[in-house]
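Participant: This is the structure I want to talk about, given as structure tokens.
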Amino acid sequence: MSNKDRLVTLDEFIIEQQNKIEDATGELSGLLRDIGLAAKIVNRDLRKAGLVDNILGDAEKTNIQGEEVKKLDEFANTILTKTLQNSGECAGIASEEEDEIVVFENRKRAKYVVLFDPLDGSSNIDVNATVGTIFSVFKRVTKLGENCTLEDFLQAGEKQAAAGYVIYGSSTMLVYTTGDGVNGFTLEPSIGEFCLSHPNIKTKKHALTYSVNQANYHSFSENIRKYIDYCMSSDGNKKLYSLRYIGSMVADFHRNLIKGGIYMYPATHKDKNGKLRLMYECNPLSFVQEQAGGKGTDGVRRILEIIPTELHQRTPVFVGSKEMVEHILENQ
Ligand code: AHG
Ligand code: MN
Ligand code: MN
């Protein structure tokens, strides 16, 4: 039976990729499989939201970034943390929902650290709109056999060994890259496996969709306002562009990855560094976008070249189709 006769599962695909690399040890493959497992557990419980307690609603506290924490933020954070600790391939994690890094003292020999946004778009949970999980993997730089440290996490995005996201949409998909293109897997609920559905994803160079919280228009710089004016301009009575904005970065990003478009969260008068987090959101999604042929910038620098100084640091971000991001860069 050839692979054409049946679906290729995420685990099979990962092993196939690993076999192409001569000195691969299987550790990164194991880690990716465990992220897939955590995603399936989050997905299972997310799909019951509204029917069982402890899924919808606020956890009645704020995180280190002063944002309201939802019950599902906490739940997804715990599932990812525990699954990665059990994995054996992960020396520690950093999460949008944790103040500091979490060191797995029983995993001193593990080569990788993982950073994640356990639940992206949490304001959308209670209204049954699309949410996601975003992850970023680095090979540690400190000595194996010792506890991992903050140094292992504060690496530039271009050093990511892997990155991706899970989108809990009308179907659940896992999309990831290890620096050799981008592949997407759709969860087949009847067998409980992610199966290859979107091989070698490439983004259009240019498209007619932009995604931004346009209510911040008056708080953007003049150049960004001009770009938005340009997107809103018309050819006679006919509009040129469409605005699509859900308020879940994963959902807006995924649509633009598949159909072409640009996602932006620029600096505002109030938030000089924008709102989104470099390590949990902008780095992993820029890595995916670059691997699909697109670009990610903070308006000046390539996102992946930013040397982080703080775990929870924020950055303005423009990520999407190559020519659309270049248009922003040329007009800064
Ligand atoms: P999170 O739910 O992880 O805190 O992320 C929310 C982010 C991002 O997903 C989304 O695009 C953006 O915040 C929306 O912000 P605005 O409501 O300011 O547009
Ligand atoms: Mn987020
Ligand atoms: Mn989040």
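We did not get these values from a lab; they are worked out from the coordinates using the rules stated. For clarity, every value in this text was computed on a predicted model and none was experimentally measured. As a convention, Cβ positions derive from the backbone with ideal geometry for all residues, glycine included, and neighbour counts pool all protein chains shown.
Participant: Hey, which lysines would be in cross-link range of Lys239, C-alpha to C-alpha under 24 Å, not counting anything within fewer than 8 residues on its own chain?
Facilitator: Filter leaves Lys204, Lys205, Lys226, Lys259, Lys322.
Participant: Give me, ordered by chain and number, the residues 5 or more places off Val141 or on other chains with an amide H under 5 Å from its own placed amide H.
Facilitator: Asp152
Participant: Can you tell me what share of the DSSP beta bridges in region 1-158 is antiparallel? A percent to the nearest 5 is fine.
Facilitator: Among the beta bridges of region 1-158, antiparallel pairing accounts for roughly 65 percent.
Participant: While we're on this one: Can you work out ³J(HN,Hα) from phi for every residue in region 318-329, in order, using Karplus 6.51 cos²θ - 1.76 cosθ + 1.60 and θ = phi - 60°, giving whole Hz and x for Gly and Pro?
Facilitator: 9, 9, x, 3, 3, 5, 6, 5, 4, 4, 5, 4
Participant: Determine the percent antiparallel among the DSSP beta bridges restricted to region 209-330, to the nearest 5.
Facilitator: So the antiparallel bridges in region 209-330 amount to around 75 percent.
Participant: With r as the distance between the Cβ atoms of Ile258 and Glu222 and R0 = 35 Å, compute the FRET efficiency 1/(1 + (r/R0)^6) and round to 0.05.
Facilitator: It comes to 0.65.
Participant: Can you run phi through the Karplus equation (6.51, -1.76, 1.60; θ = phi - 60°) for region 284-297 and list ³J(HN,Hα) in whole Hz, with x for Gly and Pro?
Facilitator: x, 6, 5, 4, 4, 5, 4, 5, 9, x, x, 9, x, 9
Participant: Let me ask you something else. Once fully extended, how much extra length lies between Ile246 and His269, figured as 0.36 nm per residue of separation less the alpha-carbon to alpha-carbon distance?
Facilitator: 6.0 nm
Participant: Remind me, relative contact order of region 209-330 in percent, using alpha carbon pairs under 8 angstrom and six or more residues apart?
Facilitator: Relative contact order here is 27 percent.
Participant: Below 25 Å, Cα to Cα, which lysines can Lys143 reach? Residues fewer than 8 away in the same chain don't count.
Facilitator: List returned: Lys82, Lys108, Lys111, Lys159.
Participant: Do you know the relative contact order of the chain, to the nearest whole percent, from alpha carbon pairs under 8 angstrom that are 6+ apart?
Facilitator: 15 percent
Participant: Quick check: the angle from helix 222-232's long axis to the longest principal axis of the chain, C-alpha only, nearest 10 degrees?
Facilitator: Taking Cα atoms only, the helix is inclined about 80 degrees.
Participant: Let me ask something additional. Run down the lysines and flag those whose C-alpha is under 20 Å from the C-alpha of Lys48, throwing out any fewer than 8 positions away in its chain.
Facilitator: Cα-Cα hits under 20 Å: Lys40, Lys70, Lys71.
Participant: Moving to a separate point now. In what sequence, highest mean first, do 252-260, 138-146, 20-28 appear when ranked by Cβ atoms within 10 angstrom?
Facilitator: Ranking the peptides 252-260, 138-146, 20-28 by packing returns 252-260, 138-146, 20-28.
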